Amino acid sequence: MSTEKRAIATVQRAVREAAHRFQLFASGEPVVVGVSGGPDSLCLLDVLRDLAPEFGITVHVAHLHHGLRGAEADADAAFVAELARVWGLPCTVERMDVHALADQEGLSLEEAARQARYTFLAEVAARVGSHTIAVAHHADDQVETVLMHLLRGSGLAGLRGMRPRMPLTEYHGLLRRPPEGLWLVRPLLGIWRREIEAYLQAKGLTPRFDRSNLDLTFFRNRLRHEVLPFLERLNPRLRETWWRMAEALAADYEFLEQTLRQVWPTVVVSEEPERIVFDLARWRGLPLSLRRMALREAAFRLARRLRDLGFEHVEEAIRMAEEGRTGSMLTWPEDLRVVVAYGNLMIAREGAVWPDPDLPLLTAPLPLRPGETPWPDGRWVAIWEEISAWDPVRLQHADPWTLYLDAERAGTHLAFRGRRPGDRFHPAGMPGPVRLKTFLINQKIPQAWRERWPLLVNERDEILWVAGVRPAAFIRPGPDTRRVWRIAIRRATGNDRRSPL
């Protein structure tokens, strides 16, 4: 076999194997091929044109003019359009002002171009009735992607690199949400750049040259032309090693994804377009890797992108959820909020965090009587009872919604009420009184809840307990305590007095 035939056969064989192994194409459907005019996309287009009868597909060429590089970009668009005409392939060429898009969205030029390109390809596919978009990423691109993710501190999801086939709805950072059932495929992902160049030479094809690929102000170009060559001095086979690593990690990540899909229904209490709520205890029972994946999956389902959600965001949420203090909240990118609610962990869009909190908030003052006092909304009950045999160990095991207090210091008439202007509170563990408003803010009680948060007071209107958060310093039972009261807030569910936490 001649050198030319061997070069052509190598690429065609690799594309055939990828198509069968990953089920890249569905027979009888058009495939939208993203073609820039450069060597990679030209190779992809030519291979798919040759193998289209074998795969049972038709090919539709798509080219986006980014409004950059002036006359060179005009020539690229003309080259692709003419090539499609000569080869008898349908073609869509459109133009977008990527500079304006980057300014409008606050993105780098690289990121704006990427988002514009994939949004365009998705829209072309929808117009021509295609469920598959093919792009020309190859093995060298995979290595560069892994290195880029490594330098940015990515986890397993990033280090597995690009996937041969993935739903476009999972692609992070599109300008508009693509339709369901649209797939992004990469038939050349197992082929090296040198093999693509040999293929083009054997076929007598001359690609366009994009000078921006030499611009070292672009992050990926610096990796390609500076970082990787330096690392290859240390390990000449670094590209093959990292490519195999990405293959291995992709299989491991696929196993974790399947496991998460199995446990998802068991830990999710409710899932809405603007809010996902986990059962906190069940979520805590997951291995750490699945806890992280569940949080990231919830964020992606709500925001459809994760590019700005970093490791530190997820770890901060895990620390907060492990502490379990009801009302704790933190802010994530994409206007998301993570909230510890009463026995639940919620990830929600900003406007959907507090529509109906499952908490014993007050609508009116509630005087207590010994025994049980129903909450105004009927969903909760306050329990007031005397403890006959006091054991200080109880304080170590009390849940946040149970209070033990020195009966002789507390007063004789107890009630729950909401916050009032000027309220002051002396929290246990602090040297003196503080403004209640400041205390609630520091405890991350959401503003929407503060006015109705239950405060236990006596006949002197002293705040004895910010329920679920902290008792007052002066009412804790001590060594000399003779009588102890127990105040608890529980769900009004028959005789079940267990804490809902």
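We did not get these values from a lab; they are worked out from the coordinates using the rules stated. Since we're looking at a predicted model, the values are computed, not measured. Note that we place each Cβ from the backbone using ideal geometry, even for glycine, and neighbour counts take in every protein chain shown.
Compared with the alpha-carbon gap, the fully stretched path from THR493 to GLU247 is longer by 83.4 nm at 0.36 nm per residue.
Charged side chains reduced to their Cβ positions (Lys and Arg at +1, Asp and Glu at -1) give the chain a dipole of some 980 debye around its Cα centre. Our coupling estimate for the range 44-53, obtained by passing each phi through the Karplus curve with A = 6.51, B = -1.76, C = 1.60 and θ = phi - 60°, is 4, 4, 5, 5, 5, 5, 6, 8, 4, x Hz, Gly and Pro reported as x. Helices in the chain, meaning DSSP H runs of at least 4 residues, each add -39500 (n - 2.57). Divided by all residues, the mean residue ellipticity at 222 nm is -12500 deg cm²/dmol. Extending 7 Å from the Cα toward the beta-carbon at both TRP87 and GLU334 defines two label points whose distance is 3.5 nm. Each of SER328, PHE300, LEU290 was placed along the dipole of the range 265-352 (beta-carbon charges, centred on the mean Cα), and the one lying farthest toward the positive end is LEU290.
A quarter of the convex hull surface defined by the alpha-carbon atoms of the range 124-181 gives 4.7 nm² as the mean projection. If R0 is 41 Å, the Cβ-Cβ spacing of ARG194 and ARG349 corresponds to a FRET efficiency of close to 0.30. Kirkwood's formula applied to the C-alpha pairs of the chain gives a hydrodynamic radius of 27.1 angstrom. Dipole check for the range 265-352: with +1 at the C-beta of Lys and Arg, -1 at the C-beta of Asp and Glu, and the Cα centre as origin, the magnitude is about 180 Debye. Using the Cβ-Cβ distance between ASP74 and THR206 with R0 set to 30 Å, the FRET efficiency from 1/(1 + (r/R0)^6) comes to roughly 0.95.
Each of ARG85, ARG470 was scored by other Cβ atoms within 10 Å of its Cβ. Listed from fewest to most, they are ARG85, ARG470. Near the amide H of LEU464, within less than 5 Å, lie the amide hydrogens of LEU456, VAL457, ASN458, all on another chain or at least 5 residues away, with H placed in the peptide plane. Cα-Cα pairs above 16 Å in the range 366-491: how many percent? Within the range 366-491, distances greater than 16 Å cover 61 percent of Cα pairs.
Remark: the range 1-71 projects, on average over all directions, an area of 6.2 nm² (convex hull of Cα atoms).
The calculated FRET efficiency for the pair ASN235 and GLU322, based on their C-beta separation and a Förster distance of 25 Å, comes to about 0.05. Summarising the label geometry, the points placed 7 Å from Cα in the beta-carbon direction at ASP461 and SER270 lie 3.6 nm from one another. Note on LYS5: lysines with a C-alpha under 23 Å away, same-chain residues under 8 apart excluded, are LYS203. Centre-to-centre separation between the Cα atoms of the range 254-319 and those of the range 6-78: 36 Å. Projected over every direction and averaged, the convex hull enclosing the alpha-carbon atoms of the range 265-352 yields 4.9 nm².
Spin-label model, GLU17 to ALA364: label points 7 Å out along the Cα-to-beta-carbon direction sit 7.7 nm apart.
Cross-link reach is defined here as a Cα-Cα straight distance under 19 Å, omitting same-chain residues fewer than 8 places apart; for LYS437 the aspartates and glutamates meeting it are ASP423, GLU451, ASP461, GLU462.
Length available on full extension from ARG177 to SER289: 0.36 nm per residue minus the Cα-Cα distance, which gives 37.5 nm.
For THR3 and ASP50, the difference between the fully extended length at 0.36 nm per residue and the C-alpha to C-alpha distance is 15.0 nm.
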